[in-house]
Amino acid sequence: MARPLTDEDRAHLERAVELGRNGWGRVHPNPMVGCVIVREGEVVGEAWHEVFGGPHAETLALAQAGPAARGATAYVSLEPCRHEGKTPACTRALLASGIARVVFGAADPGAESGGGGRELAANGVEAVGPVFDDARARRLNPAFHAQYPDRPWLALKLAVSLDGGLSAGPGRRTQLTGPEAVEMVHWIRAGFDGIIVGAETARVDDPLLTVRGVVEPRVPPVRIVLDPDATLPSDAALFDDVERVPVWVFTSEDAAEGELERLEAAGAEVHPVARSGAHALDLRSVMRVCREGGLSAILCEGGGRLGSSLMADALVDRLYLFVAPSVLGAEAVPGFRRWPLLQAGRGQWVSAQPTCALGPDALFVLDRQVGAAPASTSSTSG
Ligand code: AOF
Ligand code: ZN
């Protein structure tokens with residue numbers, strides 16, 4: 001019979017979650033997982049899943065603990081796997097070590113990897129979990145738990161002024177946030193396998209969209225541009241290091257053949273999809289192609305029109321909302337253009353992480369509550 005969790009148990013489990021976060025950008029599409037081993041109140045092992053394909057958190061923590069694992073408690077942020085994947089099953093390693101008790105946070109939903117808790121219990125280990133409900137599990141490893149068949153898990157990054165503006169005026173690049181927020185954006189990018197922008201943003205900002213921060217992603221995210229009329233210039237900065245980091249350009253199926261060839265010659269992988277209206281692409285088709293192309297988590301970085309369309313189509317799972325303490329005034333491009341639609345029951349947003357101060361700016365991380373997504377409506381891009 002499993003004992004109820006103490007405050008100490010919960011603190012060790014939270015520490016395991018915190019350790020797991022060190023895997024951001026490195027373990028994707030695997031989940032981030034941390035493990036703490038405690039014997040008689042003393043921590044004898046602490047580790048995390050460090051890189052995709054590498055040893056799991058439990059294996060590394062057990063190696064640290066050595067013989068001290070016998071009779072100890074292992075706290076793991078995810079249910080220990082029971083399958084032989086790229087690495088041996090963690091349930092086997094835990095059983096072999098003589099661990100007496102395992103407390104795990106989230107359930108592993110995998111058909112083969114899941115069920116480790118039951119297997120441990122059947123073999124005489126006191127197994128406690130899942131301690132976290134589905135909502136907490138999704139907040140920690142959203143793309144891993146979402147696994148949508150027809151689209152990637154999608155986050156939208158927005159930086160707005162106090163009065164909700166994106167830039168000082170149409171076609172004007174406005175740097176709203178400070179260097180701390182910019183550094184955070186590079187950290188966020190590292191955990192995604194694609195970064196998507198509209199053609200207007202690609203033209204006006206001429207961004208690189210590469211990751212240039214403290215975390216070097218295991219696989220650099222693909223740069224994706226939605227460009228219905230195939231107008232992205234061949235000398236766009238995106239193409240500078242296209243050999244290292246791919247560029248995908250989505251155009252409409254009726255874009256001029258010569259322009260598609262020009263973009264391919266510049267180094268782009270071109271994906272023609274159906275239009276939605278005169279100036280937009282069908283976003284669901286774009287998402288399907290991304291998913292089929294192996295992207296399980298993508299980050300949209302603008303512009304306002306694309307972000308609003310993704311919101312209107314209920315395709316946004318997470319918002320990274322940066323708010324800068326400036327006022328842009330009446331000429332500003334509004335960040336929340338079509339957001340009133342959300343107020344008609346189109347989604348509830350809940351805080352996924354504590355709000356954080358980044359120099360003068362604030363970052364809110366909000367997740368759409370599962371089950372709050374309505375059917376798709378219109379699509380546009382820009
Ligand atoms: C754990 N501990 O640290 C992680 C787990 O291909 P593999 O062998 O690396 O297995 C990947 C799967 O294992 C992954 O999809 C998830 O179900 C689980 N991840 N499990 O016990 C860990 N990273
Ligand atoms: Zn494992």
task: Filter region 70-88 for residues that are near ligand 1 (Cβ under 8 Å from one of its atoms), of a type outside the set (Asp, Glu) and within 18 Å of Gly129 (Cβ to Cβ) and give the result.
output: Val76, Leu78, Pro80, Cys81, His83
message: Looking at the structure I just gave you, is Glu79 at pLDDT 95 or above, surrounded by fewer than 24 Cβ atoms within 10 Å (Cβ to Cβ) and within 23 Å of the chain's Cα centre (by Cα)?
response: no
task: Output the residues belonging to region 51-63 that are over 12 Å from Leu94 (Cβ atoms), within 9 Å of ligand 1 (Cβ to nearest atom) and assigned to a loop (DSSP other than H, G, I, E, B).
output: Phe52, Gly53, Gly54, Pro55
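Please tell me if Gly66 is away from ligand 2 (no atom under 13 Å from the Cβ), outside the structural domain of Glu216 (by TED's automatic domain parsing) and outside any helix (DSSP H, G or I).
no
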message: Being surrounded by fewer than 17 Cβ atoms within 10 Å (Cβ to Cβ) and within 26 Å of Glu79 (Cβ to Cβ) narrows it down to one residue among Pro142, Pro152, Pro109, Pro170; which is it?
response: Pro109
Subset of region 11-39 that is part of a loop (DSSP other than H, G, I, E, B) and in contact with an Asp or Glu (Cβ under 9 Å, 6 or more places away or on another chain) - its residue that is nearest to ligand 2 (Cβ to nearest atom): Val33
message: Six or more apart or on different chains, Cβ atoms under 6 Å: show the pairs whose first residue is in region 242-253 and part of a loop (DSSP other than H, G, I, E, B) and whose second is hydrophobic (A, V, I, L, M, F, W, C).
response: Pro246/Val222
- prompt: Just one of Gly71, Gly23 is more than 15 Å from Gly116 (Cα to Cα), out of contact with any Lys or Arg (no Cβ under 8 Å at 6 or more places or on another chain) and modelled with pLDDT of 95 or more; which is it?
  reply: Gly23
- prompt: Of these, Val182, Val211, Val160, Val197, which one is crowded, with 17+ Cβ neighbours inside 10 Å and free of Cβ contacts under 8 Å to residues at least 12 places away in the same chain?
  reply: Val182
message: Considering only region 102-121, I want to know if a residue exists there that is more than 29 Å from Val370 (Cβ to Cβ), in a loop (DSSP other than H, G, I, E, B), away from ligand 2 (no atom under 14 Å from the Cβ) and assigned by TED's automatic domain parsing to the domain that holds Glu14.
response: no
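The values are calculated or read from the model by the stated rules, or taken from the named source; none is laboratory data. All figures in this text were calculated on a predicted structure; none of them were measured in a lab. Positions of Cβ are generated from backbone atoms using ideal geometry, with glycine treated the same way; all protein chains shown enter the neighbour counts.
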